[in-house]
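Below you'll find the structure, written out as structure tokens, and then a few comments.
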């Protein structure tokens, strides 16, 4: 499925600016559809159920805040209102209604060796009921205890999410002389400079191309973000993965997370 016209036009403009416009068709043929997250500062009290990066989650009554095996609360990363995502999910990979909420083991002590599961333990919650069943959650009272009395630096500051259709571009075979230009186009297209974040701002996105085998689907690629005061490891990225079978069954509890440095 081809992207919307403005997406193709943007890619064409980037290629022509690098004088490699002849490779447009090859890149389109090898591309994958994805959904880009455009992040903007959130109002102080966001409405229940809105899509957001950081802040605090809205969870159904009776659903407890996810924890690690030792009882440590996981960090809340984001919640996605799926009917908003669906307008840009060209392949209809995700449910068209409901919410996805992402949590990860992000707290660690000063000795990283004591935290072998840092950023590799997550929970992805899927709720497809009515928004009236959602309720805002406060930070768990045990959170500060796990920070050993230090000032709690979480939750992350909330940012609203607006979703956009995008392509993720696979590497294609081109003449050696064109490879540097194509590489610049891939970065410029997938990771546009954003005045609200360090430049260039690598993309936050759902779905799309990854270097993994078809045994894994990239569910959510999340970078650090200045305005939400969100960072992962040494300026790396957090990725959530799911198998095609689990995705088809909507078994999001089978999702896995990984730090990419």
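Of all residues in the stretch 97-128, count the ones that are at pLDDT 90 or above, surrounded by fewer than 17 Cβ atoms within 10 Å (Cβ to Cβ) and more than 21 Å from residue 205 (Cβ to Cβ).
Total meeting the criteria: 1.
Do you know which of the residues in the stretch 192-214 that are part of a loop (DSSP other than H, G, I, E, B) and within 12 Å of the chain's Cα centre (by Cα) is modelled with the highest pLDDT?
Looking at residues that are part of a loop (DSSP other than H, G, I, E, B) and within 12 Å of the chain's Cα centre (by Cα), I get 207.
Got a sec? Which helices (runs of 4 or more DSSP H) wholly within the stretch 1-91 have at least 1 residues that are out of contact with any helix residue (DSSP H, G or I) (no Cβ under 6 Å at 6 or more places or on another chain), surrounded by fewer than 17 Cβ atoms within 10 Å (Cβ to Cβ) and at pLDDT below 95?
5-17, 24-29
If we keep just the residues of the stretch 215-234 that are part of a loop (DSSP other than H, G, I, E, B) and touching a strand residue (DSSP E or B) at 6+ places or on another chain (Cβ under 9 Å), which is modelled with the highest pLDDT?
Taking the candidates together, the pick is 216.
Of the numbered conditions (1) farther than 15 Å from residue 166 by Cβ; (2) more than 16 Å from the chain's Cα centre (by Cα), residue 31 satisfies every one except a single condition; which is it?
(1)
The values are calculated or read from the model by the stated rules, or taken from the named source; none is laboratory data. What you see is a predicted model; the values in this text were computed from it and never measured. Neighbour counts are summed over all protein chains in view; Cβ atoms, including those assigned to glycine, are modelled from backbone coordinates with ideal geometry.
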